[in-house]
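K.L.:
One structure coming up, written as structure tokens, with questions to follow.
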Amino acid sequence: MGSQPPTDRLLAALDADDEADALAALERCRDADVDARKGVLRALRDRAKTAPKTLEPLVSDLTAFLIDDDRTVRLTAAKLFAALAATDPARVRPVVSALAERLVDPDEFRYVRGRSAETLGHVACEYPTDAATPDVIADLFLGLDDASDTEITEKFALAIECVTLGDPSRLRHHAGRLADHLDADADLVRYHLCTALTAVACEHPDAVAESRDTLGDALYDDIPWVRARAAETIGLLARPTDDDTLSDALDALRDDDPFVAARARFALNDRDEPDADDLGTVAGLHRTTVDAAEEVTAPDGECPNCGLALPEAGPPMCPRCGAPH
């Protein structure tokens, strides 16, 4: 086995449940070149998605790659931890502090910080006491405010949503800051933060009351999932009166997308809904937010000839096969 490439030896040791040999192989990988280090981390990332328990003996030692001299190795390691936390956040609990250090480091590569935020968010969703500390929350808001591109902002917004789903009380005093970002350019950022506001409102509606006007504006958002969460949040606040401008806006949403319409009716105190258990509860947010986020990021269409995902504003010819669409 000693003549095997480090990645092959490591995976074989994991398959054989040989912890000592797996750790020895991982140590060899740390001394390999950059491509080899990234290769083993990618292989472990694939394993994290399908068999996360097998990585448990390696988790603490894998944090060494988060401080690797090469930033692409650090990013690959951060992606590995994000994948592991998304699948099995319990496995990442022992190394929360190492990830928090990457998050707070202003000199760290911004994509590493974004992935660290994502990972901490997944852990906080299940174990808020471990990961949703005041320092982490402060760093998440700093990242949300300062992120230099959409992809990074989305990671911080996702982490903030996860924190509120894990314990809405953690952000009850930050509802105004969440609402301030509901005009963000990125659809997914608006969705995650509006969902975070809904989670806070589920348990602390008074904390969200001052954001009612901003939520009213979000009823006109281009993205139906944002409109839906805005309506759901409003439904958790004081009910709109007959002369309230929100009443007209909500009434107009009765004929919207079914996900939106159900939440508009909820906000109008029409609770005779088949999915009532998913309305206005943190448990309902848990059940629906993953599907909603996937819909937000789904491609606008695909080429009828080769199936390539195509953006709505793209050219009239498929860039892969040249077919018109």
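K.L.:
Can you tell me which residues in the range 49-59 are part of a helix (DSSP H, G or I) and farther than 12 Å from A77 by Cα? Talk me through it step by step, then tell me what you get.
P.N.:
Let us first name the residues in the range 49-59 that are part of a helix (DSSP H, G or I), namely 49-50, 52-59.
K49, T50, P52, K53, T54, L55, E56, P57, L58, listed by residue number.
K.L.:
I've got another one for you. Quick check on the range 147-180: of everything there that is of a type in the set (A, V, I, L, M) and over 13 Å from the mean Cα position of the chain (by Cα), which residue is farthest from H122 (Cα to Cα)? Walk me through how you get there before you give the answer.
P.N.:
From the range 147-180, those of a type in the set (A, V, I, L, M) are 147, 152, 157-160, 163, 165, 171, 175, 178-179; that's our starting set.
Within this subset, residues satisfying the condition of being over 13 Å from the mean Cα position of the chain (by Cα) are 147, 171, 175, 178-179.
Details: A147: 19, L171: 16, A175: 20, L178: 19, A179: 22 Å.
Per the criteria, the residue is A179.
K.L.:
Can you name every residue in the range 133-148 that is touching a residue at least 12 places away in the same chain (Cβ under 8 Å) and more than 12 Å from A117 (Cβ to Cβ)?
P.N.:
Kept after step one, since they are touching a residue at least 12 places away in the same chain (Cβ under 8 Å), are these residues of the range 133-148: 133, 135-137, 139-141, 143-144, 147-148.
Across the range 133-148, the qualifying residues are T133, D135, S148.
K.L.:
Oh, and also: Within the range 100-135, how many residues turn out to be surrounded by fewer than 24 Cβ atoms within 10 Å (Cβ to Cβ) and among the polar types (S, T, N, Q)?
P.N.:
Qualifying residue count for the region: 2.
K.L.:
Then there's this: Among the numbered criteria (1) surrounded by 24 or more Cβ atoms within 10 Å (Cβ to Cβ); (2) closer than 23 Å to R74 by Cα, which one does H192 miss?
P.N.:
(2)
K.L.:
On to the next question. Criterion first (surrounded by 14 or more Cβ atoms within 10 Å (Cβ to Cβ), of a type in the set (D, E, K, R) and touching a residue at least 12 places away in the same chain (Cβ under 8 Å)) does E19 satisfy it? Even if it seems obvious, please write down each step before you answer.
P.N.:
On the way: surrounded by 14 or more Cβ atoms within 10 Å (Cβ to Cβ): no; of a type in the set (D, E, K, R): yes; touching a residue at least 12 places away in the same chain (Cβ under 8 Å): yes.
No, not satisfied.
K.L.:
Okay, moving on. Determine the pairs where a residue that is farther than 18 Å from V34 by Cα, located within the range 73-91, has a partner that is polar (S, T, N, Q) and buried (at least 24 other Cβ atoms within 10 Å of the Cβ) with Cβ atoms under 7 Å apart, the partner being 6 or more residues away or on another chain.
P.N.:
F81/T119; A82/T119; A85/T119
K.L.:
Related question: Output the number of the condition that S211 fails; it satisfies all remaining conditions of (1) among the hydroxyl-bearing types (S, T, Y); (2) at pLDDT below 85; (3) under 26 Å from the mean Cα position of the chain (by Cα).
P.N.:
(2)
K.L.:
So A201 clears everything in (1) within 26 Å of R254 (Cα to Cα); (2) crowded, with 21+ Cβ neighbours inside 10 Å; (3) modelled with pLDDT under 95 except one condition, right? Which one?
P.N.:
(3)
K.L.:
Would you check if there is a residue in the range 280-303 being out of contact with any Asp or Glu (no Cβ under 8 Å at 6 or more places or on another chain), over 26 Å from L188 (Cβ atoms) and at pLDDT below 90?
P.N.:
Taking every residue of the range 280-303 in turn, none turns out to be out of contact with any Asp or Glu (no Cβ under 8 Å at 6 or more places or on another chain), over 26 Å from L188 (Cβ atoms) and at pLDDT below 90.
The values are calculated or read from the model by the stated rules, or taken from the named source; none is laboratory data. Worth saying up front: this structure is predicted, and the values here are computed from it rather than measured. Reconstructed Cβ throughout: ideal geometry from the backbone, glycine too, with neighbour counts over all protein chains shown.
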